[in-house]
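Following: one structure in structure tokens, then a few remarks.
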Amino acid sequence: MIAAKFICCLLFLKLASGSVDVSQLDHELDELVGQLLQIRSRLRQFSFASLEDPPQYTNEWVVEIFGGLQAASNLARSNGYEFAGPVKGFKDFYIFRRRRRTKRAVDGLTRRLRSLPAVKWAEQQRIRARSKRNAVHANFNDPLWRQQWQLHERRDNTTGQIVGMNIEEAWAKGYTGKRVVVSILDDGIEHDHTDLRANYVGPNGFI
């Protein structure tokens, strides 16, 4: 809304001044709309999952105990836990499990475990969500990016409609086209161009 008002004000000022170059004005509007579309695309990619949510916990504790497997098993059962076995790959680390499930931290139980003479370290396990990193950075340094209409949303000069194939949104989800081979039915492709040379598959020849 603010951006639309800004564009309207710009148009009004230019019209009021009496010095309106229609082609230049159209070019400037295209640039402004292109920038607004880029902003909108980035906002779409924003995920509220990246915000800090309250931590959620499991009903399991990892406990470091000296004395071996049997000592750890006895300690778990004598303190009201199920013994879930050792942590694979870590010596003297074992998993204790409570029957009652909770997603909140139970600090009292953790402190009690840590206070036991045989326990060197103990921690309640947290649920952690993994988020896929964007495969392509949103900021491009290509000076001709705005002219690559097939890769981003833009305003059609004839209809005024917004057109696009959601390419940037696909990149944000990790799709890059890696290992995908595309056949182009065109006799004028510049296969030795610096942008294409490294990805051109020549041995397939011509049709």
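The values are calculated or read from the model by the stated rules, or taken from the named source; none is laboratory data. Since the model is a prediction, treat every value here as computed from it, not as a measurement. Every residue, glycine as well, gets a Cβ built from its backbone with ideal geometry; the counts of neighbours run over all protein chains shown.
Filter the stretch 166-201 down to the residues that are in contact with a His (Cβ under 8 Å, 6 or more places away or on another chain) and either modelled with pLDDT under 80 or within 22 Å of E153 (Cβ to Cβ) (or both) and list them by number. Once the filter is applied, which keeps residues that are in contact with a His (Cβ under 8 Å, 6 or more places away or on another chain) and either modelled with pLDDT under 80 or within 22 Å of E153 (Cβ to Cβ) (or both), the stretch 166-201 yields I167, E168. With respect to (1) at pLDDT below 80; (2) in contact with a strand residue (DSSP E or B) (Cβ under 8 Å, 6 or more places away or on another chain); (3) surrounded by fewer than 11 Cβ atoms within 10 Å (Cβ to Cβ); (4) not hydroxyl-bearing (S, T, Y), the lone exception for L13 is condition (2). The residues of the stretch 113-147 that are in a loop (DSSP other than H, G, I, E, B), modelled with pLDDT of 90 or more and surrounded by 10 or more Cβ atoms within 10 Å (Cβ to Cβ), listed by number, are L116, A118.
This table checks each residue for (1) assigned to a loop (DSSP other than H, G, I, E, B); (2) farther than 18 Å from R146 by Cβ; (3) touching a Phe, Trp or Tyr at 6+ places or on another chain (Cβ under 6 Å).
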position	(1), (2), (3)
N157	yes, no, no
A170	no, yes, no
T176	yes, yes, no
S183	yes, yes, no
H193	yes, yes, no
